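The values are calculated or read from the model by the stated rules, or taken from the named source; none is laboratory data. Not measured: the values here are computed from a predicted model. Using ideal geometry, Cβ is built from the backbone for each residue, glycine included, and neighbour counts are taken over all protein chains shown. Protein only, heavy atoms only, side chains kept; ligands, DNA and RNA dropped before computing areas. Shrake-Rupley method; radii C 1.70, N 1.55, O 1.52, S 1.80 Å.
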Amino acid sequence: MKDYDPVEIEKKWQERWEEEGVDRAEVDESREPFYLIFAYPGVSGFLHLGHMRCYSYTDIIARYKRMEGYNVLFPTGTHPTGNQAYSLSKHLQEGVPEKIDYMKRNGATEEDIERVKDPMELVTYFNEVYIDKYWKKFGISIDFDYFTYSTREDYKQFIKWQFRKLKERGLLTQKDYFGTECIECGPVAVDPSETDLSKGGTAEKQEYTLLKFEYNGRYITAATLRPETVFGQTNLWVDPEEGYVVAEVEGEEWILSKEAVEKLKYQKDDVKVIDTIMGEDMIGDYVKAPVIHRDIIILPASFTDPDVGTGIVTSVPSDAPYDWIALRDLKQDEDTLKRFGLEGKIEDVEPIPIIESKDWGINPAEKIIHEMDIQSQRDDDKLETATQKIYKSGFHTGKMLDSCQDYSGMSVQKAKEMVKEDMIASGEADIMYDLSEEVVCRCGAKVVVGKIPDQWFIRYSDEELTEKSKKHATDMEIKPQSYADNITETIGWFQDRSCARKGNWMGTEFPFDEEWVIEAIADSTLYPAYYILAKHYNDGIIEAENMTEDFFDHVYLGKGNIEDVSKKTGLSKETIEDIRSDFKYWYPLDLNLGGKEHMTVHFPPFLMNHVGILDEEYWPKGIFVNWWLVGKGGKISKSKGGAEPIPDTAEKYGVDTLRLFYAHSASPFVDKEWDEDEVFNYRKKLNSIWNKVHRMKETDGGKNPVDEYLRSRFYSLVMKGNEYMQDHELRKAASVVYYDIPSEIDWYFKRGGCNGELMDEIAKGMLKLMVPFTPHIAEELSDMWNIEYLVKSGLPKIPEDGISKKAELEEEYIKEVRADIKQILDIADVEGEKIHIYTAAGWKEKAVGMIIQQPEKGMGVMGELTKKLDAPAKQLSKFVQHILKDLREKGAKDSWSIDMNEYEVLKGAAAFLEEEFQAQIKIYPPDGSSYDPTNKSSQAIPRKPAIYVE
RNA sequence: GCGGGGGUACCCGAGCAUGGCCAAAGGGGCAAGGCUUAGGACCUUGUGACAUAGGUCUCCGAGGGUUCAAAUCCCUCCCCCCGCACCA
């Protein structure tokens, strides 16, 4: 026997499979199609072991479906859209050392690095790397004839068509958008993964309502997150030490902090600083407050921050703890009052109750300050907490009081929106966006919230689209269940989504406005429909210029007269019909697999774009979400480095080992920590299977009583494994194949099984079950039986006589007897040289037979039993009780109804038990105990013989 | 805040929907023995407590409840994790 050498085997079979074309997908009307994809990767660097988790799952399902007899289409592509490929290329141009090192570490040569300084070359380079060093090397059974990528001309044609359709259906719109952007590089994503950032991933974009206070023909502006509290305004807070500016904003003059005006420049069209003004110069003056139209006084405070809002705060002492305490402090601070000439001016500045909430009643600020014992306006942490508490309670349970004009009686939640909108409409307020903490771009520049005028949006808020998508989602097969429960919710809150960008981005030009480039999420929704066409492009049958609107309309929507379409596209009728029928054959997509990061990013628009554009019969049928593979410190990510290069790991352990690790070491629906020791255990597992299959091959004995048991157990497990695979329960299925079945084979050998024919049957069956998970080793081992291409052979068929409940029951019985004997030997202080096994008295077996006829009668059968059986009355009643209890508690009726001759079964296993316990075994038939010194035999009950050891 | 998912033995992890062969699968780790002693190898056994006959007791985040019977159903509480968008 040769040792298991995965590297050699894997290379050999990958080459042979390619020659044989086992991954090829051709239309075959006689077979049921199954179409699946994984979410194609963005081109941003080398793939990591987390990607391979998803690809392995996809391949396992693809191979299983092939074994099941489906005609499987499994294509892939790549997604260079966006700026990731671009920025890597740029970094290499600039010679960033980490990036160069990163490339080299992953096997790029000097020439490669030189070449990929051109972004388009970088895309080509990575396309090759992904295909040759990752997918092919991992034995992922993709048909690369369908390969495409999102910056190729043909793909772009497809995307343009898609956007024309969206527009046609009223699903595109244009409006201003406020998004996060780096002041140097343009739009960036602010999210915890910090893909684009060097700092501030947890920041939130906040929308402030900017209140305008009339002041000498200008407006003092104050930002608030709680517009509904304007009714409780009593004064303004200004920092006397702070230098504010006067800025011209869209024709008005606003007073605000320097920091605020810098931010506003990105959000308003005409912002110009024209003057400065010190805080102290405003103290004591009066301004006209919005909505309430009362004159309120400007007072000094120290808690304001020029970098938060406008650096000027409107004071609502009833509901804002900061305001309440600042006001109290000021009233007691005679020096300050004197300094600003405020004596006698602020006595009547008092909190005005505006909101009543469940937990805090009215005037919550005062209450919470006493409760939390807050001493001063500098007690930041406590004040922050207090503010949060009041806000939470107020937002959910609060009601506006009578002091709130038309909004009285309204819930805070509702009033908040309405007050804001009304104030903006009347010109008393505006909107200002800010980030909750400092955010810095990867390039080192500041990230701000900026206005993008006339941004294009896909209208995912569209009611009809939302409803249709939600409904369809409930009919889809979505794994895991938690996401199936969730996705309709997600679709529900999905708002309009910007779909194009300006700047140096790779992607498709927006068809109605060439300045814009369609962004990465928007051009990766309908693409599974395009792979089918990409093959024809790859085959040279169609060119990008043939792909006109009429062409796609006909292929995807069946629109238009074929003669016309042929004329307009310059393609023959046959070609067009051919492509159309390919699409009709393969579509809809059966399964789309992707990581959990896609749950709120890719899958909803993927589904909604299908619903929005294609006919219902082509809407996708399934989604499978896998969680991440994480390193010790968190997610393994492309951008932040990560684990060692995959090709090296694959050589070290073999890809079958890695695939088995993915399939079995954890449920797909949890994050899994990468652990090399664990991987090594799977390598050992495959070694042991290798050895076991060789042993099975060498076994050439004759029939044996245990044969029927093993055969039955095997086919029972095959059925179980199939059920798991139907549900995409990959881990459970792998457990059956790699653990349950081998351990039954071990038991078989242990029991002395040696049937060569049966071993052939089971080994071949087991290898077929292994194909989806570890195809290379399975194929190699199957060579011993001269099977030509095991991966094409189909699943093991379950013979009609394959499963015998009786055989399984009998063997279970022996296992139990063995366990009982072992337990007795463990605890009893006996030699254990002789073991006597007494089967139950004949009348007991008969009694059981009668009881299970009518177990519902309970003890009612006693009379009948006494009459019919020759049994000791006392024992009988005790026994009947026992059996009834057993039936009731364990629901054992099924197994009782199978006939079993215990005496014969035990005799058959006697040699085995003697060997096991190195003891003499003596078995007695019912009522046939010739030697029984302790009267053990009376304790025997059917299915549980009495045992006496000496 | 909104929405979702969890807490099971040394660890990971099944079971929980349909309560009862559940002291609780499987794997890992650890221990003992065997076998080899060049490979992180392989095989057996053990791994809640007690028990000189197959038994008993305790146990599935905490506390209550329903039931003949609860890891499983109901209630309360505590704790942990994840997603919330222009990031592929």
Task: Enumeration of residues in region A:305-319 that are surrounded by fewer than 24 Cβ atoms within 10 Å (Cβ to Cβ) and touching a strand residue (DSSP E or B) at 6+ places or on another chain (Cβ under 8 Å) - done: A:PRO306, A:ASP307, A:VAL308
Task: Candidate set: region A:126-159, residues that are open to solvent by 10 Å² or more (accessible area, probe 1.4 Å) and hydroxyl-bearing (Ser, Thr, Tyr); chosen: the one nearest to A:ASP648 (Cα to Cα) - done: A:TYR149
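Each row is one residue, and each column tells you yes or no for (1) within 16 Å of RNA strand B (Cβ to nearest atom); (2) touching a Pro at 6+ places or on another chain (Cβ under 6 Å); (3) not hydrophobic (A, V, I, L, M, F, W, C).
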{"residue": "A:MET506", "(1), (2), (3)": "yes, yes, no"}
{"residue": "A:PHE512", "(1), (2), (3)": "no, no, no"}
{"residue": "A:ILE542", "(1), (2), (3)": "no, no, no"}
{"residue": "A:PHE583", "(1), (2), (3)": "no, no, no"}
{"residue": "A:GLU597", "(1), (2), (3)": "yes, no, yes"}
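For region A:213-235, state whether one or more residues are closer than 30 Å to A:ARG66 by Cβ and in contact (Cβ under 8 Å) with a residue 24 or more places away in the chain. Show your work before the answer.
Let us first name the residues in region A:213-235 that are closer than 30 Å to A:ARG66 by Cβ, namely none.
Looking for residues that are closer than 30 Å to A:ARG66 by Cβ and in contact (Cβ under 8 Å) with a residue 24 or more places away in the chain, one finds none in region A:213-235, hence no.
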Task: Test for A:GLY69: is it under 31 Å from the mean Cα position of the chain (by Cα) and on the phi > 0 side of the Ramachandran plot - done: yes
Task: Residue that is farthest from RNA strand B (Cβ to nearest atom) [pool: residues in region A:781-823 that are within 30 Å of A:GLY69 (Cβ to Cβ) and among the aromatic types (Phe, Trp, Tyr)] - done: A:TYR789
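Quick check on my filter: what residues within region A:295-310 are in a loop (DSSP other than H, G, I, E, B) and either touching a residue at least 60 places away in the same chain (Cβ under 8 Å) or touching a Leu at 6+ places or on another chain (Cβ under 8 Å) (or both)? Reasoning before the result, please.
Within region A:295-310, the first condition is being in a loop (DSSP other than H, G, I, E, B), and the residues that meet it are A:301-310.
Residues satisfying the conditions are A:ALA301, A:SER302, A:PHE303, A:THR304, A:PRO306, A:VAL308, A:GLY309, A:THR310.
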- [ ] Go through region A:393-408 and count every residue that is at pLDDT below 85 and not polar (S, T, N, Q).
- [x] 5
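Go through region A:599-617 and count every residue that is of a type in the set (S, T, N, Q) and within 11 Å of RNA strand B (Cβ to nearest atom). It would help to see each step written out before you state the result.
Taking region A:599-617 first, the residues of a type in the set (S, T, N, Q) are A:600, A:609.
Next, from what is left, pick out any that are within 11 Å of RNA strand B (Cβ to nearest atom): A:600.
Total satisfying the criteria: 1.
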Task: Any strands (runs of 3 or more DSSP E) falling wholly within region A:121-217 and containing at least 2 residues that are under 30 Å from A:ASP295 (Cα atoms) and in contact with a helix residue (DSSP H, G or I) (Cβ under 9 Å, 6 or more places away or on another chain) - done: A:205-215
Open item on the list: With the condition being of a type in the set (Val, Ile, Thr) and within 34 Å of the chain's Cα centre (by Cα), I'd like the helices (runs of 4 or more DSSP H) fully within region A:526-586 carrying at least 1 qualifying residues.
Closed with: A:528-538, A:549-557, A:573-586
- [ ] Have a look at A:VAL123, A:VAL116 and point out the one that is touching a Leu at 6+ places or on another chain (Cβ under 6 Å) and of a type in the set (Val, Ile, Thr).
- [x] A:VAL116
Task: Sole exception among (1) surrounded by fewer than 15 Cβ atoms within 10 Å (Cβ to Cβ); (2) at pLDDT 70 or above for A:LYS857, by number - done: (2)
Open item on the list: Cβ contacts < 7 Å: first residue touching a residue at least 12 places away in the same chain (Cβ under 8 Å), restricted to region A:676-694; second residue open to solvent by 20 Å² or more (accessible area, probe 1.4 Å) and more than 10 Å from RNA strand B (Cβ to nearest atom), any location; separation 6+ or different chain. Result?
Closed with: A:HIS694/A:MET1
- [ ] Please work out which one of (1) part of a loop (DSSP other than H, G, I, E, B); (2) buried (at least 17 other Cβ atoms within 10 Å of the Cβ) is the condition A:LEU327 fails and give its number.
- [x] (1)
Open item on the list: Being near RNA strand B (Cβ under 8 Å from one of its atoms), open to solvent by 40 Å² or more (accessible area, probe 1.4 Å) and at pLDDT 85 or above is the filter here; which residues of region A:462-500 pass it?
Closed with: A:ARG497
TODO: Would you point out which residue out of A:VAL261, A:VAL273 is in contact (Cβ under 8 Å) with a residue 12 or more places away in the chain, under 29 Å from A:PRO453 (Cβ atoms), part of a helix (DSSP H, G or I) and not small (Gly, Ala, Ser)?
DONE: A:VAL261
TODO: Determine whether region A:214-228 contains at least one residue that is over 30 Å from A:ARG497 (Cβ atoms), open to solvent by less than 40 Å² (accessible area, probe 1.4 Å) and of a type outside the set (Ser, Thr, Tyr).
DONE: yes
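Conditions (1) within 13 Å of RNA strand B (Cβ to nearest atom); (2) open to solvent by less than 10 Å² (accessible area, probe 1.4 Å); (3) among the charged types (D, E, K, R), marked per residue:
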site: A:PRO668; (1), (2), (3): yes, yes, no
site: A:ASP671; (1), (2), (3): yes, no, yes
site: A:SER688; (1), (2), (3): yes, no, no
site: A:THR699; (1), (2), (3): no, no, no
site: A:ASP727; (1), (2), (3): yes, no, yes
site: A:LEU730; (1), (2), (3): yes, yes, no
site: A:PRO742; (1), (2), (3): yes, yes, no
site: A:CYS754; (1), (2), (3): no, no, no
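Considering A:GLU8, A:GLU15, which residue is more than 27 Å from A:GLY507 (Cα to Cα) and either modelled with pLDDT of 95 or more or away from RNA strand B (no atom under 16 Å from the Cβ) (or both)? Spell out how you get there, then give the answer.
Numbers: A:GLU8 fails: either modelled with pLDDT of 95 or more or away from RNA strand B (no atom under 16 Å from the Cβ) (or both).
Testing whether each residue is more than 27 Å from A:GLY507 (Cα to Cα) and either modelled with pLDDT of 95 or more or away from RNA strand B (no atom under 16 Å from the Cβ) (or both) leaves just A:GLU15.
Test A:PRO80 against the criterion of being away from RNA strand B (no atom under 16 Å from the Cβ), touching a strand residue (DSSP E or B) at 6+ places or on another chain (Cβ under 8 Å) and closer than 27 Å to A:THR525 by Cβ, and give yes or no.
Values: away from RNA strand B (no atom under 16 Å from the Cβ): no; touching a strand residue (DSSP E or B) at 6+ places or on another chain (Cβ under 8 Å): yes; closer than 27 Å to A:THR525 by Cβ: yes.
So A:PRO80 does not fit the description; no.
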